[in-house]
Amino acid sequence: MIQRRSFLTGSAVFTAALGVPINAAITTVAEGLKPVPLPPPISQAERLERIAKARQLMQQNGIGSIVVESGSSLDYLTGVQWHRSERLTAAVIPAQGDPIIVTPFFESPSVKETLAIPAEVRTWNEDEEPLKLVADFLRERGVATAPVAFEETDRYFIVDRLQQQLPSLKAVSAHSVVRALRLIKSPAELALMQTANDITLRAMKHVGERARLGMTPADYSAAIDAATSALGGSPEFSLVLIDEAAAQPHGSKKPQITKRGSVVLFDCGCTVHGYQSDISRTFVYGAPPTAEQRKVWNQVHEGQQIAIRAAKIGVPVGTIDDAVRAAYTSWGYGPGYKLPGLSHRTGHGIGMDGHEPAYLVHGDPTPLEPGMCFSDEPGIYLPGKFGVRLEDCWYMTANGPKFFSEPPPSIDRPFG
């Protein structure tokens, strides 16, 4: 039993449901929503293509092997979905031949459940050193003296303890392999991201159009998560900010409640077979927008369009941020990242992680290529008043950028 306000539909009444089981209230929110058809998950054939490309990139860059521990890159390459802990689970992929998975003996049955490529699973017991298994494997393959590349999120203890096993270890970054692969999304990846975005937008619209006086961020978040689940997505995050808190891009712990004329900001995402969405919408509840609210909303809407017009094949992605920031400065915001204005980057890469390279931020030199995916979220924040963020993700094609979700037409139709 949870004592909190609960969002109840049917009669479309938001009540103080003290003593009502929260699960019952959340279930009611999602009534009438049916799961959408989901594309298939990434196939074994596609993962094998990734491994083959990884080998080619390793050979081109003089790398003998790469080490990838638990996380999205391990899933990307091998299908293994495993949490990080003090116990190492990782893939070791040589420039030639099949990879191995190193994992604790007692975890190996669970790890094997998601392994999606041919790979030997080598196990270690609690009193053994897992990095010795890695070193022994590299010696077997004849690449122990070649550079070993580590995925960018690998923890330091992995490098340190492998160095103890291989004193002559030459540790290098695996950016030229793993990042290069993950930057460019395949048609199958784009299809999963499209579905994730479709689900998130429908869930946000469903809840946003049922907003009521007195709702808190927690009420909205619970309702959006319930709607997302009903539609077939796995909720990832549902950030909701009201009034002054909307001027703090990642939120505030201060009490917030919906009043007539409140600015309400949704920033939500879900996953579909491991691929993410990220959408933001801002609306005014229960009263016509003020002139200032409408002005700022329209400026953010134009900021999104400036960003998408600047997205051209071959341009450094940081110049997209520059184009937006130049316009904002001409409108009296900033300059640069100062407030009032846009205090964060214009966008981020997205795929299996909600935030991943490259970034729409001043100075990022990554050339824009077909298959890259980004958010477009040039918010404007007025401290002490409110903030507006509109966010839609897009991907680059040979013919220009294409949105996964279309930006809303106006503050009067915030969900399209």
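Some notes on this structure:
- Selection count where residues are part of a loop (DSSP other than H, G, I, E, B), surrounded by fewer than 23 Cβ atoms within 10 Å (Cβ to Cβ) and touching a residue at least 40 places away in the same chain (Cβ under 8 Å), scope the range 49-83: 5
- Test: residue in the range 268-287 that is free of Cβ contacts under 8 Å to residues at least 40 places away in the same chain, of a type outside the set (Lys, Arg), assigned to a helix (DSSP H, G or I) and over 19 Å from THR397 (Cβ atoms): no
- Checking each residue in the range 266-279 for being farther than 20 Å from PRO39 by Cβ and surrounded by 24 or more Cβ atoms within 10 Å (Cβ to Cβ) picks out PHE266, CYS268.
- Boolean, LYS295 is free of Cβ contacts under 8 Å to residues at least 24 places away in the same chain, of a type in the set (Lys, Arg), surrounded by fewer than 18 Cβ atoms within 10 Å (Cβ to Cβ) and part of a loop (DSSP other than H, G, I, E, B): no
- Between PRO357, PRO383, the distinction of being farther than 23 Å from GLN299 by Cα and either in contact with a helix residue (DSSP H, G or I) (Cβ under 7 Å, 6 or more places away or on another chain) or modelled with pLDDT of 95 or more (or both) belongs to PRO357 only.
- Looking across the range 381-416, the residues that are within 21 Å of the chain's Cα centre (by Cα) and not in a loop (DSSP other than H, G, I, E, B) come down to VAL388, GLU391, ASP392, CYS393, TRP394, TYR395, MET396, THR397, PRO401, LYS402, PHE403.
- One residue from GLY363, GLY332 being free of Cβ contacts under 8 Å to residues at least 12 places away in the same chain, surrounded by fewer than 23 Cβ atoms within 10 Å (Cβ to Cβ), small (Gly, Ala, Ser) and not in a strand (DSSP E or B): GLY332
- Test: residue in the range 161-168 that is charged (D, E, K, R) and touching a helix residue (DSSP H, G or I) at 6+ places or on another chain (Cβ under 6 Å): yes
The rows are residues; the columns are (1) free of Cβ contacts under 8 Å to residues at least 24 places away in the same chain; (2) surrounded by fewer than 23 Cβ atoms within 10 Å (Cβ to Cβ); (3) more than 30 Å from LEU339 (Cα to Cα).
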| position | (1), (2), (3) |
| --- | --- |
| ILE158 | no, yes, yes |
| ALA174 | no, no, yes |
| ARG212 | no, yes, yes |
| SER238 | no, no, no |
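- Once the range 374-416 is narrowed to residues that are without any contact (Cβ under 8 Å) to a residue 24 or more places away in the chain and among the basic types (Lys, Arg), the residue that is nearest to GLN194 (Cα to Cα) is LYS402.
- Put simply, of THR195, THR200, THR153 the only residue that is surrounded by fewer than 19 Cβ atoms within 10 Å (Cβ to Cβ) and of a type outside the set (A, V, I, L, M) is THR153.
- LEU115 meets all of the listed conditions (1) buried (at least 17 other Cβ atoms within 10 Å of the Cβ); (2) farther than 25 Å from GLU46 by Cβ; (3) without any contact (Cβ under 8 Å) to a residue 60 or more places away in the chain but one, namely (2).
- Scan of the range 42-72 for residues that are among the small types (Gly, Ala, Ser) and under 23 Å from PRO109 (Cβ atoms), ordered by number: SER70, GLY71, SER72
- Test: residue in the range 336-356 that is buried (at least 22 other Cβ atoms within 10 Å of the Cβ), in a loop (DSSP other than H, G, I, E, B) and among the hydroxyl-bearing types (Ser, Thr, Tyr): yes
The values are calculated or read from the model by the stated rules, or taken from the named source; none is laboratory data. Keep in mind the model is a prediction, meaning the values are calculated, not measured. Note: ideal-geometry Cβ built from the backbone for every residue, glycine included; neighbour counts use all protein chains shown.
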